[in-house]
1. Inspect all residues belonging to segment 58-76 and state whether any of them is part of a loop (DSSP other than H, G, I, E, B), modelled with pLDDT of 90 or more, out of contact with any Leu (no Cβ under 9 Å at 6 or more places or on another chain) and surrounded by fewer than 11 Cβ atoms within 10 Å (Cβ to Cβ).
2. For residue 39, all conditions in the list (1) among the charged types (D, E, K, R); (2) modelled with pLDDT under 90; (3) more than 15 Å from residue 54 (Cβ to Cβ) hold save one; what is the number of the exception?
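The values are calculated or read from the model by the stated rules, or taken from the named source; none is laboratory data. None of the values given here were measured: they were computed from a predicted structure. FYI the Cβ positions are ideal-geometry reconstructions off the backbone, even for glycines, and counts take in every protein chain you see.
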Amino acid sequence: MRRNTHPGKLLYDFRRIAVRNLVRAGIPDIAAMKITGHRTRSVFDLYNITSDEDLAQAADKLEEYIQTRAQERKVIPFQKGYNLQVNC
């Protein structure tokens, strides 16, 4: 039997830390699952704990994306009297 060099910590604590670090580093989930040895998505998701800070960062990223898209969008209005009918 191996000696625990980190009293108060379990193997699963380190596995959870590894999953969180891999996901937050931007590693694709499928690659992170292979690294950590998770065979099913459901168990992997149990280890990938989402914090309030994670949710706040997601909201910030979404807001930034929406602002960028709004600036990129070019809407050209139809000219008055433009015929939208399509002849088939």
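1. Checking segment 58-76: not a single residue is part of a loop (DSSP other than H, G, I, E, B), modelled with pLDDT of 90 or more, out of contact with any Leu (no Cβ under 9 Å at 6 or more places or on another chain) and surrounded by fewer than 11 Cβ atoms within 10 Å (Cβ to Cβ).
2. (2)
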